[in-house]
1. Give me a count of the residues in segment 108-164 that are assigned to a strand (DSSP E or B) and touching a strand residue (DSSP E or B) at 6+ places or on another chain (Cβ under 8 Å).
2. Looking at segment 149-165, can you tell me whether even one residue there is within 20 Å of Ala226 (Cβ to Cβ), touching an Asp or Glu at 6+ places or on another chain (Cβ under 6 Å) and surrounded by fewer than 24 Cβ atoms within 10 Å (Cβ to Cβ)?
3. Of the numbered conditions (1) of a type outside the set (Phe, Trp, Tyr); (2) under 24 Å from Arg194 (Cα atoms); (3) surrounded by 21 or more Cβ atoms within 10 Å (Cβ to Cβ), Gln5 satisfies every one except a single condition; which is it?
4. Looking only at segment 92-107, which residues are part of a loop (DSSP other than H, G, I, E, B), surrounded by fewer than 22 Cβ atoms within 10 Å (Cβ to Cβ) and either in contact with a Lys or Arg (Cβ under 6 Å, 6 or more places away or on another chain) or in contact (Cβ under 8 Å) with a residue 24 or more places away in the chain (or both)?
5. Only residues in segment 182-206 that are under 28 Å from Ala297 (Cα atoms) count as the first member; pair them with residues that are of a type in the set (Ser, Thr, Tyr) and surrounded by fewer than 15 Cβ atoms within 10 Å (Cβ to Cβ), Cβ under 7 angstrom, at least 6 apart or cross-chain, and list the lot.
6. Please determine whether any residue of segment 233-240 is part of a loop (DSSP other than H, G, I, E, B), over 18 Å from Leu155 (Cα atoms) and in contact with a helix residue (DSSP H, G or I) (Cβ under 7 Å, 6 or more places away or on another chain).
7. Can you give me the ranges of the helices (runs of 4 or more DSSP H) entirely in segment 253-322 with at least 2 residues that are among the charged types (D, E, K, R), over 19 Å from Lys431 (Cβ atoms) and touching a residue at least 60 places away in the same chain (Cβ under 8 Å)?
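The values are calculated or read from the model by the stated rules, or taken from the named source; none is laboratory data. Owing to the predicted nature of the structure, the values given are computational and were not obtained by experimental measurement. Here the Cβ positions follow ideal geometry from the backbone for every residue, glycine too, while neighbour counts run over all protein chains shown.
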Amino acid sequence: MIIQQFFIPGIAHSSYIVAGNRTCAVVDPSRDVGRYISAAREMGLRITHILETHLHADFVSGHLDLAEATGAEIYAPKSGKCKFPHNALVEGDEIPLEHIHFRVIETAGHTPEHVSYIATDTSRGDTPVALFCGDTLFVGDVGRPDLFPGKAEALASSLYDNLHTKIMTLPDECEVYPAHGMGSLCGRAMAAKRTSTVGYEKKYNYALRISDRDEFVRALTSDMPAAPDHFARCSEINRSGPVLMRTLAQPAPVNPKAFSDWIRRDDSVLLDARSYPAFSGVHIPGAWHIDLSGNFATQAGWILPPGQDILLVVESRNQAEEAALQLRRVGFDRVPGFLEGGMLSWGSLNLRINRVPVISAEEAHSMVSSGEAVLVDARSKEEWEAGHADRSMHIPWHDLRTRHAELDPARHTIVMCKGGQRASIAASILKMHGFATVSNLAGGYTSYQRAGFAP
């Protein structure tokens, strides 16, 4: 049995090829399925099985794209009530793949319909060798059970049962292959290592070391990080069956005049995906800003309004296509165009522009101390509680979509995060809500701290 992992940074998604001698399965595929097809071809394999562990909340799955491209059959939890052709799975079902046998266990907790796959390589023995556990068990963590309103405690209790009676009873040497790693918001404290063993997790995973059910439920239902908006949308997209990627065109270049007309339409969103220094220097008024080099897909899924055309400002066609791919990973299929020639072509036509000055820690501290400006800390709740500057106001970047109303748009507002990227998102939100003077703190909290203005 050969196992090959595929990892997508940002959304921190792991998927897998599980291969026999002639055929293979793909577990929890991403939407850009060419990677699996190429890998299988290189190994001389045919993809015959697609195994879904659950209705993913944080990304749109590639099960339909891969099934169409390869003829493979889709396997998914029966309780997920998926609306596309699939083999509906329940506890105890077995799926043979040459000498590999997958046994299905229902592992509700992160989601109500979750299943995991226990793999045995019968060419070597009858002991389980691998667990493909989706978002039930991570390296250093377990799946968050709080994504379904009113069901968090019940799901946490189910998660406790399934971990203790079905997963922790597997052999210590059984390898653990989760669907996410560090950086994903499907858990709270994932480790950087992307695979593990049952024995190692029993020994070092904080959640598995909690023996009392009530204590486990309390730990898993309190102080969880905020969940992005698209978590509520992607599950249903995956249940219904995503639009096939081959039907979605790549974004086309749009000349500045036509672009200017298009972005004024009610059904369009203007998204600047350049670096935050580039956005700060010059941008189109009314643009959202999310740096393509950062955690772009998750941040876009969190704040952009769904169901609208997304028009891009980027530096190149390649950036436009990469942005479109990442947007489609989180359910934004309508990415029809990008500004031809970028901001240089926009400026050459004397069209309106805007800026977000980047200021030093010393400048910011002076203005805040004198009352000339208000300092907004746009970091997460966890970062804020770990340390923050006096006279700063905490509003997480994503909450500024509504909590901008707590600020005075006539005052100079300085935003900061850890390094500058999230603050630039925050600045773009404030600018589109009429804040006249907004600055980004260069180097963010890190520079403010090094200058001695924060603990």
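1. Adding up the residues that qualify gives 14.
2. Yes, segment 149-165 has at least one match.
3. (3)
4. The answer is Glu98, His99.
5. Ala189/Tyr206
6. no
7. none
Rundown of residues vs (1) of a type outside the set (D, E, K, R); (2) touching a helix residue (DSSP H, G or I) at 6+ places or on another chain (Cβ under 9 Å); (3) at pLDDT 95 or above, yes/no style:
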site: Asp399; (1), (2), (3): no, no, yes
site: Met416; (1), (2), (3): yes, yes, yes
site: Gly419; (1), (2), (3): yes, yes, no
site: Ile425; (1), (2), (3): yes, yes, yes
site: Ser428; (1), (2), (3): yes, yes, yes
